[in-house]
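The block underneath contains the structure these notes are about, expressed in structure tokens.
The values are calculated or read from the model by the stated rules, or taken from the named source; none is laboratory data. Here the structure is a predicted model, which means the values were calculated and not measured. A quick note on method: Cβ atoms are made from the backbone with ideal geometry, for glycine too, and the neighbour counts reach across all protein chains shown. To get the accessible areas, we keep the full protein, side chains included, count just its heavy atoms, and leave off ligands, DNA and RNA. Shrake-Rupley method; radii C 1.70, N 1.55, O 1.52, S 1.80 Å.
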Amino acid sequence: MAFPKDFLWGGATAANQYEGGYDQGGRGLSTQDVRKAGSRTKKRTVTYLDRDGNLKEATRFEPMGIGSKGVVVEGEYYPSHQAVDFYHHYKEDIALFAEMGFRCFRMSISWTRLFPRGDEETANEEGVRFYRDVFIELRKYDIEPLVTLNHFDLPLYLANEKGGWVSRDTVGYFVNYARTCFENFSGLAHYWITFNEINCMLDWNKLGILTDEPDEFYQALHHVFVASALTVREGHRKDSRNRIGMMVAYGAMYPFDCSPDTYLNHLHCMHNMQWYCDVQCRGYYPSYKKKELERLQIHIEQAEEDERILKEGTVDFIGFSYYFSVVSKAGINVMMTGDQSHAVENPYLKKNEWGWQIDPVGLRSVLNELYDRYQKPLWIVENGYGGIDTPEYDFEGDIKAIHDDYRIAYLRAHIAEMKKAVELDGVDLIGYTPWGCIDLISAGTGEMSKRYGFIYVEMDDQGRGSLRRFRKDSFYWYQNVIHTNGEEL
Ligand code: BGP
């Protein structure tokens, strides 16, 4: 058998795209709650008041300007508010995951469900109770939770009033929140991720940055690194069974051609992705990054103890998302984010409807690359095929079946490469949690029609629908994959 018998097969979600219940149980607003839906052709925007009180909207990379504050505008549709309502469907959903045979389930905790403003000392009891109930429900079926503490959300109050991650205070607020989780969920959850896709956090939603000044970004990010390292330390102290990982968006990257200059440029592009892992796995800023910051005259305020904190807070495993591969070419800003509209085309690969270049073999390369470089256990915490599903209806107008052979083909090819990495290359891979195991809101576009699930949720791009859940063909296929521990694909 290629995969170890305790291999963690499962699926992945995130609160802001899945949970809903945004104003229930004492939850506070997060930065994602002021983010409207977009589409393949229209970028998502945040609604905010500028420093003079004018209502405006900004896309992800448009700086909102100092003094701006995110606001909810009456009558607008914000996908995170309801999402697909895990808040009221968790028992039903977990039963479906169990039916597929999940051994693990990745979810995130909504920071503002526990700390509505973000800076409170003690947690909202109702929020704690909700997650405890969820974990107990998972344990009932022997499903191990993998908990992301921060998946792209930040308390709106901290962003609006306290400078978000640019302020050092946010480190303390976050570590208090993480400590609360370790204390309250000890014995229920042992696998944790500190920050989701740490290399994709460059915007107001995730960091609370208001300008496009590199100083502001690097300062905020430094605080995130410190908060993550302190969280690792705290988690180990609270319970020696805790395993705490990092998470990066990592794709295979190919140099455009074989010229020496192209290759050197390629190495620099790789560094742009790898330096986040270097800090979190090795415990210090790599020399190439220090030199780059020096050259750009970027100054980061660091506390005296930060070097030690980063050293002591290295992670136990590397979680990463893998969806597509990219090509590096001088003059092109190679990004691992969802917007691949400016990506260099790879003639050897096909794309999905959102322009993502599908590359299963690249996954095997990446597994080798990360394992060689860091020698830490790896976990593919996101992977999957986002596409449009067309349900078949019966005479009464009820959904009868969803034939998603394209999703099965994508996952089958990727798992086959994973298997080779484990069996032939000796990579220490501990788990696989494909993204959006149940249909949920797309992070990039805010749409519902970009679906990843094994489970179909009846809802449209404006949040209208019965929210009923249906098994797709991939549901039964994945059930058999887990049942045979990956032997039958
Ligand atoms: C990653 C995020 C997820 C998820 C996924 C798919 O970047 O961690 O939150 O949404 O990508 O992206 P999208 O939803 O844009 O298809």
Return the pairs, sorted by first residue and then second, in which the second residue is of a type in the set (A, V, I, L, M) and assigned to a loop (DSSP other than H, G, I, E, B), the first residue lies in the stretch 369-395 and is without any contact (Cβ under 8 Å) to a residue 60 or more places away in the chain, the beta carbons are less than 6 Å apart, and the residues are 6+ apart or on different chains.
371/427
Which residue, of 182, 256, is more than 16 Å from the ligand (Cβ to nearest atom) and crowded, with 19+ Cβ neighbours inside 10 Å?
182
How many residues of the stretch 418-435 are open to solvent by 20 Å² or more (accessible area, probe 1.4 Å) and either in contact with a Ser or Thr (Cβ under 9 Å, 6 or more places away or on another chain) or β-branched (Val, Ile, Thr) (or both)? The answer is 2
Could you grab me the full set of residues in the stretch 4-30 that are in contact with a helix residue (DSSP H, G or I) (Cβ under 9 Å, 6 or more places away or on another chain), closer than 30 Å to residue 486 by Cβ and buried (at least 23 other Cβ atoms within 10 Å of the Cβ)?
10, 11, 13, 15, 17, 18, 19
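Among 6, 23, which is the only one that is in a loop (DSSP other than H, G, I, E, B), at pLDDT 95 or above and closer than 24 Å to residue 439 by Cα?
Answer to the check: 23.
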Within the stretch 468-483, work out how many residues are open to solvent by 10 Å² or more (accessible area, probe 1.4 Å) and either more than 10 Å from residue 439 (Cβ to Cβ) or of a type in the set (Lys, Arg) (or both).
9
For the stretch 314-332, check the following and say yes or no: at least one residue is without any contact (Cβ under 8 Å) to a residue 12 or more places away in the chain and either at negative phi or aromatic (Phe, Trp, Tyr) (or both).
no
Before we move on, is residue 33 of a type outside the set (A, V, I, L, M) and open to solvent by 20 Å² or more (accessible area, probe 1.4 Å)?
no
From the list 62, 99, 74, which residue is out of contact with any Cys (no Cβ under 8 Å at 6 or more places or on another chain), open to solvent by 40 Å² or more (accessible area, probe 1.4 Å) and part of a helix (DSSP H, G or I)?
99
Return the residue satisfying two criteria in turn: it lies in the stretch 127-161 and is open to solvent by 10 Å² or more (accessible area, probe 1.4 Å), assigned to a loop (DSSP other than H, G, I, E, B) and more than 21 Å from residue 231 (Cβ to Cβ), and of such residues it is nearest to the ligand (Cβ to nearest atom).
141
Restricting to the stretch 222-242, what's the tally of residues that are surrounded by 15 or more Cβ atoms within 10 Å (Cβ to Cβ) and either modelled with pLDDT under 95 or more than 23 Å from residue 104 (Cβ to Cβ) (or both)?
9
Quick test for you: out of 362, 397, pick the one residue that is open to solvent by less than 60 Å² (accessible area, probe 1.4 Å), away from the ligand (no atom under 16 Å from the Cβ) and at pLDDT below 95.
397
What are the residues in the stretch 47-59 that are assigned to a loop (DSSP other than H, G, I, E, B) and either of a type in the set (S, T, N, Q) or within 17 Å of residue 217 (Cα to Cα) (or both), if any?
54, 59
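Would you confirm, using the coordinates I've provided, whether residue 38 is of a type in the set (Gly, Ala, Ser), under 20 Å from residue 475 (Cα atoms) and within 16 Å of the ligand (Cβ to nearest atom)?
Working: of a type in the set (Gly, Ala, Ser): yes; under 20 Å from residue 475 (Cα atoms): no; within 16 Å of the ligand (Cβ to nearest atom): yes.
When the stated conditions are applied, residue 38 does not pass them.
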In the stretch 337-351, what residues are open to solvent by less than 30 Å² (accessible area, probe 1.4 Å) and under 20 Å from the mean Cα position of the chain (by Cα)?
337, 340
Consider the stretch 185-205. How many of its residues are aliphatic (A, V, I, L, M), in a loop (DSSP other than H, G, I, E, B) and surrounded by 21 or more Cβ atoms within 10 Å (Cβ to Cβ)?
2
Members of the stretch 186-231 found to be without any contact (Cβ under 8 Å) to a residue 40 or more places away in the chain and among the acidic types (Asp, Glu), listed by number:
213
Looking only at the stretch 316-333, decide whether some residue is part of a strand (DSSP E or B) and more than 22 Å from the chain's Cα centre (by Cα).
yes
Scan the stretch 65-91 and report the pairs whose first residue is over 23 Å from residue 108 (Cα atoms) and whose second residue is part of a helix (DSSP H, G or I) and not basic (Lys, Arg), with Cβ atoms within less than 7 Å and a gap of 6+ or a chain change.
69/160; 71/34
Assigned to a loop (DSSP other than H, G, I, E, B), touching a Pro at 6+ places or on another chain (Cβ under 7 Å) and within 22 Å of residue 337 (Cβ to Cβ): is that true of residue 278 in this structure?
no
If you scan the stretch 400-409, which residues turn out to be within 16 Å of the ligand (Cβ to nearest atom) and either open to solvent by less than 10 Å² (accessible area, probe 1.4 Å) or within 18 Å of residue 485 (Cβ to Cβ) (or both)?
404, 407
How many residues does the stretch 77-96 hold that are within 25 Å of residue 479 (Cα to Cα), part of a loop (DSSP other than H, G, I, E, B) and open to solvent by 10 Å² or more (accessible area, probe 1.4 Å)?
1
Going through 208, 245 one at a time, which residue ends up being within 19 Å of residue 153 (Cα to Cα), crowded, with 24+ Cβ neighbours inside 10 Å and more than 16 Å from the ligand (Cβ to nearest atom)?
208
Among the residues of the stretch 436-449 satisfying the criterion of being of a type outside the set (Ser, Thr, Tyr) and open to solvent by 10 Å² or more (accessible area, probe 1.4 Å), which is farthest from the ligand (Cβ to nearest atom)?
447
